[in-house]
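Student: Structure in structure tokens, see below.
Coordinate-derived values only; no laboratory data. Only a predicted model underlies this, so the values are computations on that prediction, with no experimental measurement involved. Glycine also receives a Cβ, built like all others from the backbone with ideal geometry; neighbour counts cover every protein chain displayed.
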Amino acid sequence: MLSSLFNSSTVPVLEQVVNFTQARHGVLAGNIANLDTPGYKTRDLSPVDFQNELKDAVEARQHAAISPTYAINARLAGRSTATGQDGMNKVRESMKNILYHDQSDISIEKQVAEISKNQAQHNMALSLMVSQFRLLKAAVSERP
């Protein structure tokens with residue numbers, strides 16, 4: 001019962017955002033640490049690819065909750081039919097495949113700007129997750 005309560009909220013989505021931003025922060029920090037290393041190729045995790053995978057998983061979860069025939073229609077249209085935790089597992093697995101090596105030399109300013117944007121996204125996801133847990137705590141304890 002408790003796991004279904006969490007899975008029906010935004011907590012699994014926020015968890016994936018936090019996991020992605022944490023992994024991306026490590027990659028970007030490694031780029032800064034190795035910026036002066038001869039022959040080092042900068043790396044990054046694509047936020048666009050991650051957001052697309054996450055969007056697909058959320059849409060599949062929402063449609064499956066609304067319509068039981070969504071899976072059949074989605075399969076016929078060539079869309080993903082992953083729902084609930086399966087969809088979030090697909091997002092988690094996609095993070096492993098979107099690491100790429102960039103042939104260009106990226107400046108330290110760009111790396112610091114990317115780390116700042118990544119940190120802001122991470123902090124926002126954590127703030128939203130804390131709010132979700134406070135709401136759940138208030139609902140369970142029946143106190144605001």
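Student: Which order, highest average first, do 116-125, 30-39 follow once you tally other Cβ atoms within 10 Å for each residue and take the mean per peptide? Could the numbers behind the result be given before it?
Tutor: Values: 116-125: 15.3, 30-39: 11.4.
Descending mean neighbour count gives 116-125, 30-39.
Student: Another question about this same structure. Taking other Cβ within 10 Å of each residue's Cβ, how do F133, F50, F20 sort, fewest first?
Tutor: Working: F133 13, F50 21, F20 25.
The order, fewest Cβ neighbours first, is F133, F50, F20.
Student: Distance in nm between label sites at Y40 and L126, each 7 Å beyond Cα in the beta-carbon direction?
Tutor: Output for this residue pair reads 2.5 nm.
Student: What are the equivalent ellipsoid semi-axes of the range 15-60, built from the alpha-carbon gyration tensor (square roots of five times its eigenvalues), in whole angstrom, biggest first? Could you put the intermediate results ahead of the total?
Tutor: Details: eigenvalues 157, 23, 4 Å².
Square roots of five times the eigenvalues give 28, 11, 4 Å.
Student: Pop a pseudo-label 7 angstrom from the Cα along the beta-carbon direction at both K137 and A29 and give the gap in nm to one decimal.
Tutor: Distance between label points: 2.7 nm.
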